[in-house]
1. Go through the residues of the stretch B:130-143 one by one and say whether even a single one is more than 14 Å from the chain's Cα centre (by Cα), free of Cβ contacts under 8 Å to residues at least 40 places away in the same chain and within 8 Å of chain A (Cβ to nearest Cβ).
2. Can you give me the number of residues within the stretch A:267-295 that are touching a Phe, Trp or Tyr at 6+ places or on another chain (Cβ under 7 Å) and either among the acidic types (Asp, Glu) or at pLDDT 80 or above (or both)?
3. Of all residues in the stretch A:167-190, how many are under 16 Å from A:Thr263 (Cβ atoms) and either more than 19 Å from the chain's Cα centre (by Cα) or among the acidic types (Asp, Glu) (or both)?
4. Checking the structure you have, find out if any residue of the stretch B:95-108 is within 8 Å of chain A (Cβ to nearest Cβ), buried (at least 21 other Cβ atoms within 10 Å of the Cβ) and not in a helix (DSSP H, G or I).
5. Please tell me if B:Val73 is β-branched (Val, Ile, Thr) and either touching a Pro at 6+ places or on another chain (Cβ under 9 Å) or modelled with pLDDT of 90 or more (or both).
6. Taking into account only those residues within the stretch A:131-155 that are within 12 Å of the chain's Cα centre (by Cα) and part of a loop (DSSP other than H, G, I, E, B), which is farthest from the other protein chains (Cβ to nearest Cβ)?
7. So which residues in the stretch B:110-125 are within 12 Å of chain A (Cβ to nearest Cβ), touching a helix residue (DSSP H, G or I) at 6+ places or on another chain (Cβ under 6 Å) and either part of a helix (DSSP H, G or I) or free of Cβ contacts under 8 Å to residues at least 40 places away in the same chain (or both)?
8. Look at B:Arg90 and say whether it is over 26 Å from B:Gly123 (Cα atoms), surrounded by fewer than 19 Cβ atoms within 10 Å (Cβ to Cβ) and facing chain A (nearest Cβ under 8 Å).
Amino acid sequence: MVELSHDSRPIIGRGPPLGAAFITLAIASIALMVADQRYDQLARVRGWITAAVYPAQAAVDLPFRAWDWLTSSFADRSRLRQDNLELTARLRLANLQLQRFAALEEENRRLRDMRENSAGVAERVLVASIMNVDLDPFRHRVLLDKGSSDGVFKGQAVLDAEGIFGQVSKVNAQTAEAILISDAEHAIPVQSNRSGLRTIAVGTGDPERLSLPFVTSEADLKVGDLLLSTGMGGVFPPGYPVAEVTRVDRTTATFALVEARPTAQLDRAREVLLVWFKPPVPAEQPAGESPETPPAGAGE
Amino acid sequence: MRPDNFGRRILYWLSVAAGLVLAIVPLPDWLDPLRPDLALLAVVYWILSSPRIAGLGYAWLSGLALDVLRGMVLGQHALGFLVVAFLTHRLQLRMRMFPLLHQAAAILLLLALYHFIIFWTDGLTGHGYTGWNRWLPILSGALLWPLIVAAGDSLTRRSR
């Protein structure tokens with residue numbers, strides 16, 4: 001049974017009158033929700049409070065980071081040697097591909113120059129790690145450890161080494177929230193690498209599955225097709241892998257039932273890339289620094 | 001009297017802060033939907049224990065902190081916390097006298113109301129998730145209530 005603390009013992013009656021405080025605070029909550037949802041006016045207020053609760057998020061993240069550091073510092077010698085061998089082999093292979101890639105890139109640039117179109121070449125990338133913080137079990141969102149102080153902006157594309165990961169949905173000073181492509185509220189325009197068919201991939205709330213609801217049953221799409229980003233909408237850079245088609249069911253009328261598996265490691269990635277790129281329609285020039293080349297897209 | 005109260009306020013905020021940290025600690029996928037609302041349970045406990053100190057503002061600010069931590073619409077959890085705190089304040093004279101099981105049942109109802117408010121505001125802001133497992137924290141929270149009372153009582157006794 002809850003014990004009444006001695007501070008309150010002298011009063012047998014109830015605490016202070018509550019009606020006025022309750023109504024004031026209830027109106028304040030509703031006003032906050034409306035302002036936050038409808039008018040997007042609260043960025044600054046949210047920024048202040050986020051700065052106040054940032055220590056809590058950092059405190060949750062810290063033990064995991066420390067553990068990673070520990071395990072990597074005390075990894076045993078034989079494993080390091082093996083890792084090293086593996087990485088050397090992989091680097092050799094990558095270098096080989098890169099030689100061909102450099103020639104292709106040069107050729108591509110010449111062709112694009114001819115068409116006076118510098119569509120979506122990533123100009124700058126920034127590596128961000130995903131903080132070990134659970135935001136909501138039913139929404140696919142993650143907290144990144146880079147924020148507006150690093151130049152991150154709302155709507156920025158987030159990639160991992162394997163493909164498109166998601167986009168930035170909220171920016172704070174030190175952190176940013178990203179929504180994954182598998183979130184049920186997310187949709188991304190894609191194009192089949194084989195047939196050039198354009199459609200939209202919608203998240204399902206399952207990190208292993210995207211749904212393509214707008215594919216007609218006659219459309220040219222097969223299991224195993226790679227879906228690339230199209231760059232339409234200007235959020236994602238074009239030509240990066242998004243997902244691989246895993247199921248095409250044409251038994252339903254008009255629209256086929258199509259599912260795809262994201263190529264990015266949505267539930268396993270620890271580090272992601274934030275990308276600045278030039279949108280297909282030349283807009284303002286972002287403050288680009290040394291152009292680093294992100295991992296090559298899949299299309300051969 | 002005054003410095004003692006101050007120490008208590010610190011204790012109350014610290015326990016809510018601990019509850020908030022536990023609200024975002026990563027859990028395995030199967031356990032995640034079961035995560036109890038520890039911050040809210042701490043607020044309810046302190047309201048029952050010392051209604052003069054733990055008021056509505058305390059509950060409201062705790063809820064607001066949870067909104068920001070989890071990146072929700074500002075005011076959503078604040079409203080839920082506020083309503084639960086208000087009802088607890090109104091019912092405190094009776095609730096303190098309940099036997100523990102009876103008290104846990106009252107907590108179950110309060111948590112159900114809280115989750116309904118969250119569900120409702122989620123729907124209004126277009127994030128509706130209607131799976132059955134979003135209601136699991138009501139159960140886990142009510143089951144946890146006896147432990148919260150035990151922990152809280154031992155804390156209060158020590159600080160006395």
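1. The first filter runs over the stretch B:130-143 and keeps only residues more than 14 Å from the chain's Cα centre (by Cα), leaving B:130-136.
In the following step, the residues that additionally are free of Cβ contacts under 8 Å to residues at least 40 places away in the same chain were identified as B:130-132, B:135.
If we keep only those that are within 8 Å of chain A (Cβ to nearest Cβ) as well, we get B:131.
The answer is yes, given that some residue of the stretch B:130-143 is more than 14 Å from the chain's Cα centre (by Cα), free of Cβ contacts under 8 Å to residues at least 40 places away in the same chain and within 8 Å of chain A (Cβ to nearest Cβ).
2. 1
3. Number satisfying all stated conditions: 0.
4. no
5. When the stated conditions are applied, B:Val73 does not pass them.
6. Looking at residues that are within 12 Å of the chain's Cα centre (by Cα) and part of a loop (DSSP other than H, G, I, E, B), I get A:Gly155.
7. Within the stretch B:110-125, B:Ile117, B:Ile118, B:Thr121 qualify.
8. So B:Arg90 fits the description; yes.
The values are calculated or read from the model by the stated rules, or taken from the named source; none is laboratory data. What you see is a predicted model, and the numbers here were worked out from it, not measured in a lab. Backbone-built Cβ (ideal geometry, glycine too); neighbour counts: all protein chains shown.
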